[in-house]
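*Asks:* Dropping a structure here in structure tokens format, bear with me for questions.
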Amino acid sequence: MNNILAIVTPIKKNGKIDWNCLLYLIKFFIFNKINNFLFFGTTGENINFYKKDYFNLINYLFFLNINKYIGFYNKTIKFLIKLLFLCKKHKINFLLISPINYILPNNISIFKYYKILNKIGLPIILYFIPKRTGYKISLKLIKKIKNNYFFFGIKNSNNLKKQNLIFKKYIKCFIFSGDDYYLIENKNIKIKKTISVLNNFLPKIFNYLNNNLIFFLKKIMLDINPLYIKNILTILSLNNSNYFSLLINIKKFFFTQSQT
């Protein structure tokens, strides 16, 4: 479970999920020795999909023999609970959930948020992303959530070396590298678990990319953003590249470009 692929979601021109292409993408990655998939998370797509897309995807994944992770961001408690019950019924392995997002959140409201979600009984990876939630969660609060609830790990989008070291020492849970841009720095402090969008591209040599070529990508990109990865994959699809040789006879497909 060291490397979780944050898989991009192929869509049709009308904005609906392209289920055939999604299946073939999954088969392509399985062929390339990947078995841990995060859907709707880390790729900037979450906001693009409707409620029914979540229900349809969770139902769709039930029949696939892979490790399934679902990312949730900025959903109401009522809707999220319905989704989580469905996830539990359909044997989703883990959930990646950002803290509640509204005006002026505080320690008490965030604690109650995870307390309610914990009642479903599924392990949660905390998506630690202060820039998006508008609130800097304290170490004390994270430790309290960890000690009281079914808390599995942290995906730290800040990627501050000092902060990751503190998480490792005091929280004592799995720490996932939260941004491909910092893979080398995190590996240097022995954080080897990743939730990676870069893994969509050349998955068979992802470990090599992780170890040796990240520095090159950092030279040519200001940031290793999902937008770049989705553009590359779309171009490869349109050009019928050998990279997508497993997708023969599948129509050209596209990816949401929600990030700017």
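*Asks:* For segment 162-202, what are the residues that are in a helix (DSSP H, G or I), touching a strand residue (DSSP E or B) at 6+ places or on another chain (Cβ under 8 Å), under 22 Å from PRO123 (Cβ atoms) and in contact (Cβ under 8 Å) with a residue 24 or more places away in the chain?
*Replies:* Across segment 162-202, the qualifying residues are ASN164, PHE167, ILE171, ASN186, ASN199.
*Asks:* Return the residues of segment 33-60 that are assigned to a loop (DSSP other than H, G, I, E, B) and of a type outside the set (S, T, N, Q); say none if nothing qualifies. Even if it seems obvious, please write down each step before you answer.
*Replies:* Of segment 33-60, the ones assigned to a loop (DSSP other than H, G, I, E, B) are 33-35, 40-45, 49-50.
LYS33, ILE34, PHE40, GLY41, GLY44, GLU45, PHE49, TYR50 - these are the residues of segment 33-60 that are assigned to a loop (DSSP other than H, G, I, E, B) and of a type outside the set (S, T, N, Q).
*Asks:* Would you check if LYS13 is under 16 Å from LEU198 (Cα atoms), modelled with pLDDT under 85, more than 17 Å from the chain's Cα centre (by Cα) and assigned to a loop (DSSP other than H, G, I, E, B)?
*Replies:* Numbers: under 16 Å from LEU198 (Cα atoms): no; modelled with pLDDT under 85: yes; more than 17 Å from the chain's Cα centre (by Cα): yes; assigned to a loop (DSSP other than H, G, I, E, B): yes.
Answer is no for this residue.
*Asks:* Is there a residue being part of a helix (DSSP H, G or I), at pLDDT below 90, among the charged types (D, E, K, R) and in contact with a Phe, Trp or Tyr (Cβ under 8 Å, 6 or more places away or on another chain) anywhere in segment 102-123? So that I can check it myself, show each step before the final result.
*Replies:* Of the residues in segment 102-123, the ones part of a helix (DSSP H, G or I) are 107-118.
From what is left, the residues that are at pLDDT below 90 are 107-118.
In the following step, the residues that additionally are among the charged types (D, E, K, R) were identified as 112, 115.
Keeping just the survivors that are in contact with a Phe, Trp or Tyr (Cβ under 8 Å, 6 or more places away or on another chain) gives 115.
Yes, that holds for at least one residue.
*Asks:* Give the number of residues within segment 89-101 that are surrounded by 13 or more Cβ atoms within 10 Å (Cβ to Cβ), modelled with pLDDT of 80 or more, not aliphatic (A, V, I, L, M) and not in a strand (DSSP E or B). Working first, answer last.
*Replies:* Initial filter on segment 89-101 (surrounded by 13 or more Cβ atoms within 10 Å (Cβ to Cβ)): 90, 92-101.
Subset that is modelled with pLDDT of 80 or more: 90, 92-98.
Subsequent filtering for residues that are not aliphatic (A, V, I, L, M) retains 90, 93-94, 98.
Then drop every residue that is not not in a strand (DSSP E or B), which leaves 90, 93, 98.
Going through segment 89-101 one residue at a time, the tally reaches 3.
*Asks:* If you take the residues in segment 142-161 that are modelled with pLDDT of 75 or more and assigned to a helix (DSSP H, G or I), which one is surrounded by the fewest Cβ atoms within 10 Å (Cβ to Cβ)?
*Replies:* ASN147
*Asks:* To continue, here is another question. Out of (1) at pLDDT 80 or above; (2) in contact with a helix residue (DSSP H, G or I) (Cβ under 9 Å, 6 or more places away or on another chain), what's the single condition that is false for LEU183?
*Replies:* (1)
*Asks:* Turning to a different aspect of this structure: Looking only at residues in segment 27-67 that are closer than 21 Å to THR194 by Cα and of a type in the set (Val, Ile, Thr), which one is surrounded by the most Cβ atoms within 10 Å (Cβ to Cβ)?
*Replies:* Within segment 27-67, the match that is surrounded by the most Cβ atoms within 10 Å (Cβ to Cβ) is THR42.
*Asks:* Examine segment 21-28 for a residue that is closer than 13 Å to LYS68 by Cα and either modelled with pLDDT under 85 or of a type in the set (Asp, Glu) (or both), and state whether such a residue exists. So that I can check it myself, show each step before the final result.
*Replies:* The first filter runs over segment 21-28 and keeps only residues closer than 13 Å to LYS68 by Cα, leaving 26.
This time we only want the ones that are either modelled with pLDDT under 85 or of a type in the set (Asp, Glu) (or both), so: none.
No, because not a single residue in segment 21-28 is closer than 13 Å to LYS68 by Cα and either modelled with pLDDT under 85 or of a type in the set (Asp, Glu) (or both).
*Asks:* Looking at this structure, is LYS27 part of a helix (DSSP H, G or I) and either among the polar types (S, T, N, Q) or over 16 Å from ASN118 (Cα atoms) (or both)?
*Replies:* yes
The values are calculated or read from the model by the stated rules, or taken from the named source; none is laboratory data. Since the structure is predicted, the reported quantities are computational estimates derived from the model, not experimental observations. Please note: Cβ atoms are built from the backbone with ideal geometry, for glycine as well, and neighbour counts cover all protein chains shown.
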